[in-house]
1. When the Kirkwood radius is taken over all Cα pairs of the range 2-96, what Stokes-Einstein diffusion coefficient follows at 10 °C and 1.306 mPa s, in µm²/s?
2. Using θ = phi - 60° and the Karplus curve 6.51 cos²θ - 1.76 cosθ + 1.60, what whole-Hz ³J(HN,Hα) does each residue of the range 100-106 get, with Gly and Pro shown as x?
3. In whole Å, what is the distance between the alpha-carbon centres of the range 75-109 and the range 10-33?
4. Straight-line reach from LYS2: which lysines have Cα under 25 Å away, leaving out those fewer than 8 places along the same chain?
5. Comparing SER144, SER74, SER42, which has the greatest mean-square fluctuation in the GNM of the chain with Cα pairs linked when under 10 Å apart?
6. For the range 112-163, compute Rg over Rh where Rg is the Cα radius of gyration and Rh is the Kirkwood radius from the inverse mean 1/r over Cα pairs.
7. From the phi angles alone, apply the Karplus equation (6.51, -1.76, 1.60; θ = phi - 60°) to the range 22-30 and give each ³J(HN,Hα) in whole Hz, x where the residue is Gly or Pro.
8. Based on the Cβ-Cβ distance from ASP88 to LYS27, what FRET efficiency comes out when R0 is 35 Å, to the nearest 0.05?
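Just so it is clear, none of the values below were taken in a lab; they were calculated from the coordinates. This one's a predicted model, so the numbers in the text were calculated from it and none came from an experiment. Neighbour counts run over all protein chains shown; Cβ positions are idealised from the backbone, glycine included.
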Amino acid sequence: SKIVFTAQVSPQVKEIYICDYDGRNFKRITRNGGLSLDPVWSPDGKSVVYSYIGKAYTVLMQYDVRSGNSRQLSKFRGLNAGGAISPDGAYVALVLSKDNQVDLYLRPLNGGTLRRLTRDKAVEASPCWSPDGRSICYVSDAGSGRPRLYIIPVTGGRPRRLPGSFSSESVSPSWGRDGKITY
């Protein structure tokens, strides 16, 4: 029943807000003074994960709605984006460019070893979890150079491209409980 979104506060400053589904109880949850982008709810609705782009770095952040506290989920050199928490709350899927290559990774939410899921010259973005937590859908420009949707098992392996409209770009996937992926 809550919505999370980004709004521009001033030039080059975007912050994250939440409100009820009807627009009531409007509340600003970040005051970062930079670009706070791509907010997504955790499956339990208790936190929001978002990307923060500062003057010299990017950070993947998690905001706890109840306490009002924030914490860094990743701050590697380069891009830190696309955070999506697994349905069981144990892992975060994220996009990093820490090796001068933009790839999809998994990491335990409370810290631990990164597991790289993709390793190619393509650019990955916008991961989302399957309802059962066994697969991740993400955007990649592999092959065609245009954004398309792919699915990869969380255990790794070869990604599978989803069919889509060849006349448009496939971006911002969301995997519903009914098994359907909207984009």
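1. 118
2. 6, 8, 8, 9, 8, 10, 10
3. 24
4. Partners found: LYS14, LYS27, LYS46, LYS180.
5. Of SER144, SER74, SER42, the most mobile in the Gaussian network model is SER144.
6. Here the Rg-to-Rh quotient is 0.95.
7. Using θ = phi - 60°, the values come out as 9, x, 7, 6, 5, 9, 7, 10, 10 Hz.
8. 0.80
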